[in-house]
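See structure below.
The values are calculated or read from the model by the stated rules, or taken from the named source; none is laboratory data. From a predicted model like this one, the values you see are computed outputs, not experimental measurements. Positions of Cβ are backbone-derived with ideal geometry, glycine not excepted, and every protein chain shown enters the neighbour counts. Accessible surface areas use protein heavy atoms only, side chains included; no ligands, DNA or RNA. Shrake-Rupley method; radii C 1.70, N 1.55, O 1.52, S 1.80 Å.
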Amino acid sequence: MRATKLIVVLAVALLSLPGLAWAATPDSRRLEGRLPDDAPVVSLAQPRGTVLDALSAIAKQTGWSLVVTAPESATTRPLSIQVSKRPAGEVLDLVLDAGSLRASFADGVLRVRSDDTAKSADSWRERRRERRGRHGSERVVFGRSLTIGADETVDKAVAIGGSVTVAGHVRDDAVAIGGSVTILPGASVGGDSVAIGGAVSVAEGATLEGDNVSLGGAIPTTVGSMTRWVVGGPHMFSMFRFASRLTRAVLLWVIAVLIAAAFPGALTRIGAYLVDRPGLSALGGVAILLGFVPLCVLLAVTIIGIPLIPVAVLLLVALFLFGFTVSAGWLGERLPFLEEKTPVKAVALGGVVFVLVGLIPWIGTAALILAAAFSAGATLLSRFGRTPAVAV
């Protein structure tokens with residue numbers, strides 16, 4: 001039994017020797033060379049100061065000569081330190097680590113220089129900042145195409161209702177919903193390239209580190225076309241030609257009348273919800289406007305979520321069409337024309353007013369979008385008229 005205990009004690013002692021030797025050695029990983037065995041203990045009381053001030057205090061208390069070749073940016077770093085009667089090697093290691101410095105000791109001279117490892121890391125960060133080009137972070141556009149220039153570096157490139165052309169560098173994913181992704185020679189995409197309703201084209205000399213995902217077919221392509229049409233293409237708030245504005249407004253009017261004829265009961269319930277809860281409906285509309293693009297971006301970064309993007313776009317289009325119809329019906333009911341108004345007649349009257357408003361450059365398109373979004377919130381919260389409002 002005693003022999004067994006003796007063997008266990010010896011094994012523990014042998015395993016502990018390396019740690020004990022390291023703890024007893026005043027040298028540190030940042031210090032090259034061995035400090036004198038008679039190196040004194042030092043005390044530092046520096047609530048305010050720099051790394052150089054602490055090094056000077058250590059040299060003064062130990063009697064060593066100090067030579068500093070590190071850059072001023074490292075030695076002038078603020079340092080607050082409070083130690084009392086600690087080994088010089090231990091305190092020196094703390095100060096060197098605070099300044100990302102290294103040191104060597106020989107013949108009573110302490111030479112301090114910059115840490116090449118930290119310097120390399122700083123240089124890498126500088127190179128990375130330079131590669132960012134024009135400081136693009138996440139580039140997301142809605143209803144138009146997106147081009148990443150040759151001098152640009154962005155984190156993500158997403159076009160909903162358009163195509164993506166990469167001539168520069170995209171760190172993560174390049175996604176086009178209702179369009180194609182084209183990676184030009186010399187360009188790079190660090191993540192996946194996803195095209196819904198289009199194709200991914202990688203030119204010779206271009207780099208694609210992730211997956212190449214293309215989802216073509218009639219439905220995704222139609223979704224992209226509908227998205228571009230609803231938001232007005234690449235000039236959503238610019239001055240359209242009169243014929244283009246008139247055609248789009250008339251088409252909206254026709255669709256609204258058809259919806260009113262097909263779903264009169266649902267429109268009545270959505271209108272009641274809008275009147276009884278205008279604040280909640282407006283909040284829902286704001287959530288739709290501000291939350292749709294981030295939702296599509298989140299879906300686009302996962303293979304499982306990609307097939308759901310066309311569904312989300314179709315839902316958005318349906319919400320806005322129903323919202324436009326509900327707003328037109330609400331306005332038509334308040335116009336002093338026709339005594340007995342059916343939902344179809346009310347929508348037709350209010351739709352005429354919206355058609356005229358839509359012909360106004362700049363203001364018209366924005367007014368139609370806001371009116372549709374306000375009622376789209378009521379449409380979403382009432383589940384397309386399935387949940388009637390309860391007056392409170």
Considering only residues of region 66-79 that are among the hydroxyl-bearing types (Ser, Thr, Tyr) and open to solvent by 60 Å² or more (accessible area, probe 1.4 Å), which is farthest from Val42 (Cα to Cα)?
Ser73
Quickly run through region 351-368 and pick out the residues that are open to solvent by less than 40 Å² (accessible area, probe 1.4 Å) and part of a helix (DSSP H, G or I).
Gly351, Phe354, Val355, Gly358, Gly364, Thr365, Ala366, Ala367, Leu368
Which residues, taken from region 94-113, are open to solvent by 50 Å² or more (accessible area, probe 1.4 Å) and either farther than 12 Å from Glu32 by Cβ or among the hydroxyl-bearing types (Ser, Thr, Tyr) (or both)?
Leu94, Asp97, Asp107
Flag if Thr50 is over 16 Å from Arg111 (Cβ atoms) and at pLDDT 75 or above:
yes
Return yes or no: is Lys345 open to solvent by 30 Å² or more (accessible area, probe 1.4 Å), part of a loop (DSSP other than H, G, I, E, B) and either basic (Lys, Arg) or at pLDDT 80 or above (or both)?
no
Report, by residue number, each residue of region 260-277 that is open to solvent by 20 Å² or more (accessible area, probe 1.4 Å), in contact (Cβ under 8 Å) with a residue 12 or more places away in the chain, part of a helix (DSSP H, G or I) and over 11 Å from Gly385 (Cβ atoms).
Ala261, Val275, Asp276
